[in-house]
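The values are calculated or read from the model by the stated rules, or taken from the named source; none is laboratory data. Predicted, not measured: the structure shown is a model, and the values here were computed from it. Cβ placement follows ideal geometry from the backbone for every residue including glycine, while neighbour counts extend to all protein chains displayed. Protein only, heavy atoms only, side chains kept; ligands, DNA and RNA dropped before computing areas. Shrake-Rupley method; radii C 1.70, N 1.55, O 1.52, S 1.80 Å.
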Amino acid sequence: TEQTIIHGGRQSMPLNYDNINEPWFSRAGPTWATPRDWTVNGMDTLQIFVRGESANEPDALYIMLADDGGNLATVVHPDPDAVLADTWLEWNIPLADLIAAGVDVSAIRKMDIGIGSPGNPHPGGTGIIYVDDIRVIKLTP
């Protein structure tokens, strides 16, 4: 864990990426033994804070989710230079977008945060990002 570059709390997750060689993408994240219901209490948004470094080489930032049935959804950060940002970026992903992609957000089994293009692998960049304060929130009133 990283204990100096943090958004909230006492630590963030550093994720080094080196997408110059195959498989040309890097990712990390948890797999839960019991599926997670992200709809409890009317939650409607997956919120993640990410930060890169200006010395990073560009590559796409994405999140990949899998539900208990094996359905996958990949959401790419809208800013293609997100990994270059040396300040914290708030990334809000509506659960409705995941539902539209075919994922059951009441039964999330796996979540990966990655850099690269797993659906269309090709050589990419190198660098490090920091991930912090991953949570499911109710963004809309």
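Counting only heavy atoms of the protein chains, get the accessible area per residue of the chain (1.4 Å probe) and round it to a whole Å² value. If you can, show how the numbers build up before the last one.
Values: 7270 Å² over 141 residues.
Ligands and nucleic acids excluded, the result is 52 Å² per residue.
Report the per residue volume, in Å³, of the convex hull enclosing the C-alpha atoms of the chain. Display every interim value, and only then the final one.
On the way: hull volume 16.5 nm³, N = 141.
Normalising the Cα hull of the chain by residue number yields 117 Å³.
Projecting each Cα onto the charge dipole of the range 12-97 (Lys/Arg +1, Asp/Glu -1 at the beta carbon, about the Cα centre), which of W24, I63, G42 comes out farthest on the positive side?
Selected residue: G42.
Two decimals is fine: what's Rg over Rh for the range 42-121, C-alpha atoms, Kirkwood radius as Rh?
Ratio of gyration radius to Kirkwood radius for the range 42-121: 0.99.
Quick one: if you take sqrt(5λ) for each eigenvalue of the C-alpha gyration tensor of the range 85-141, what semi-axes come out, biggest first, whole angstrom?
Details: eigenvalues 115, 65, 21 Å².
For the range 85-141, the semi-axes come out at 24, 18, 10 Å.
Mind jotting down a quarter of the surface of the convex hull over the alpha carbons of the range 2-52, in square nanometres, one decimal?
On the way: hull surface 23.0 nm².
If you wrap the Cα atoms of the range 2-52 in a convex hull and average its projections, you get 5.8 nm².
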